[in-house]
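The values are calculated or read from the model by the stated rules, or taken from the named source; none is laboratory data. On a predicted model such as this, the values are computed, not experimentally measured, just so you know. Note that we place each Cβ from the backbone using ideal geometry, even for glycine, and neighbour counts take in every protein chain shown. Side chains are part of the model used for accessible areas, which takes the heavy atoms of the whole protein and leaves out ligands, DNA and RNA. Shrake-Rupley method; radii C 1.70, N 1.55, O 1.52, S 1.80 Å.
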Amino acid sequence: MTIRDELLKNIRRVDPYVPGEQPQDKVVKLNTNENPYPPSPAVKRALEELNTDSFRLYPDPASGVLIKALSDFHRLKEEQIFVGVGSDDVLSLCFLTFFNSDQPILFPDITYSFYKVWAQLYQIPYECPRLDSDFRIVKEDYYRVNGGVIFPNPNAPTAVYEDLGFVEDILEHNHDSIVIVDEAYVDFAGRSAVELIGRYDNLIVTRTFSKSRSMAGMRIGYALADESLICCLNDVKYSFNSYTMSQAALVCGAASVRDRVYFEENIRKITETREWVGKELKALGFIFPDSKANFIFAKHPDYDASQLFEELKSEGIYVRHWNDARIKDYLRITVGTDGEMRVLLQSLKKKLEK
Ligand SMILES: *Cc1c(COP(=O)(O)O)cnc(C)c1O
């Protein structure tokens, strides 16, 4: 593609985020951290009860039914909740709204690769302190003047979870910055930073329905924070697009949130499979940090990861691999059903025995 310089000078260019492949044929798909189980049956019922005549009308711009359900679930005020089209939408609006500084924002060098893309897109300066050799965030790196802080907990793609004391330490050292904790995977991990929201007016926690709620295709995410911050987020949203959430997303999302029993059972199955697969991978010689997410980030001392990635792919088993120097030895393997994981383990066994 060539664009004349005269035109190019006024065009916003960016290196886009590269999502994992979405192959359309039948494969063992362990590459984008989707949930292998269906969403709650209550979601199906909600969709069936939806009256399509109402599609004539715009959806509720305030997303009332979904916010109400989330408010009951988290025991927070409705004014402390903001919903969007997946947490990517929510995070992107957070970058635009809260990272409006000349100082660099801080996030780890190995983390969700979308952060760098949004920083570039919105022309926000950023710095990326290195994770240590165990892929842990070094908290002292965040004890300095900055334009904001963001990190996922558990981190992606490492699956490493830091406890609430760690999160609170970062908050204590950043009273005058917004700190965003991206909890895309926290349901598979442990305590959430949501319980700190009442005590820190600078904390934003983001969540997604894509992983623990099996609803990546519906595109629902949300942010939880002090109501003054949620108000700022709404002002930016209404300056952009008032009707982000479709009627279908609103009712399906609310139905999912109300079915707590199914939600907890879904998470239990995934974490059980994760622990079993972890043991099997260790027995095969893989090395990985303890996973608290729905994926395992593993390397093998005797096997080239990119080669393994290609070989698995040729057998219809999709995992994720990055050519980045720091993590090129690793594969990120989503936790699927027990059956899918058996297929993966069988294939790995055969290759490693050769
Ligand atoms: C999957 C993921 C997201 C995005 O989730 P969506 O709600 O599907 O947009 C955000 N942050 C991290 C760390 C993720 O892994």
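What is the percent carbon and sulfur in the accessible area of the range 172-312, measuring with a 1.4 Å probe over the protein chains and ignoring ligands?
Working: 2840 of 5740 Å².
So the carbon and sulfur contribution to the accessible surface is 49 percent.
Taking the convex hull of the alpha carbon atoms in the chain, what volume per residue do you get, in Å³?
On the way: hull volume 58.1 nm³, N = 354.
Normalising the Cα hull of the chain by residue number yields 164 Å³.
Tell me, what is a quarter of the convex hull surface for the C-alpha atoms of the range 247-307, in nm² with one decimal?
The Cα convex hull of the range 247-307, projected and averaged over all directions, gives 6.2 nm².
Just add up the charged neighbours of Glu78: K/R +1, D/E -1, any other residue whose Cβ is under 13 Å from the Cβ of Glu78. Before the final figure, lay out each step's value.
Details: positive: Lys68, Arg75, Lys77; negative: Asp60, Asp72, Glu79, Glu227.
Here the count lands on -1.
Order these peptides, 305-318, 10-23, by their mean beta-carbon neighbour count within 10 angstrom, highest first. Each step should come with its number before you reach the end.
Numbers: 305-318: 16.3, 10-23: 10.4.
Put in order of decreasing packing, that is 305-318, 10-23.
What is the Cα centroid distance between the range 222-243 and the range 75-121, reported in whole angstrom?
12
Do the sum for the chain: with -39,500 (n - 2.57) for every DSSP H run of n ≥ 4, divided by all residues, what is the mean residue ellipticity at 222 nm, to the nearest 500 deg cm²/dmol? Write out the running numbers ahead of the final one.
Working: 11 runs with 128 residues, N = 354.
Calculated from helices alone, the mean residue ellipticity at 222 nm is -11000 deg cm²/dmol.
When the chain is treated as a GNM, springs tying every alpha-carbon pair under 10 Å, which of Arg199, Arg207, Arg320 comes out with the largest mean-square fluctuation?
Greatest mean-square fluctuation among the candidates belongs to Arg199.
Work out how far the C-alpha atoms of the range 56-135 reach from end to end along every principal axis, then list the three figures in whole Å, largest first.
Largest to smallest, the principal-axis extents are 48, 29, 22 Å.
In straight Cα distance, which lysines are under 18 Å from Lys116, not counting same-chain residues fewer than 8 positions off?
Candidates past the 8-residue exclusion: nothing left.
How many nm separate the modelled label positions at Glu48 and Glu311, each set 7 Å beyond the Cα in the direction of the Cβ?
In this crude spin-label approximation the distance works out to 4.6 nm.
If you consider only alpha-carbon coordinates, what radius of gyration and Dmax does the range 214-276 have, in Å?
15.7, 48
Give me the distance between the Cα centres of the range 269-342 and the range 125-196, rounded to whole Å.
24
From Cα coordinates alone, what are the radius of gyration and Dmax values for the range 13-106 in angstrom?
In order Rg, Dmax, the Cα atoms of the range 13-106 give 18.3, 50 Å.
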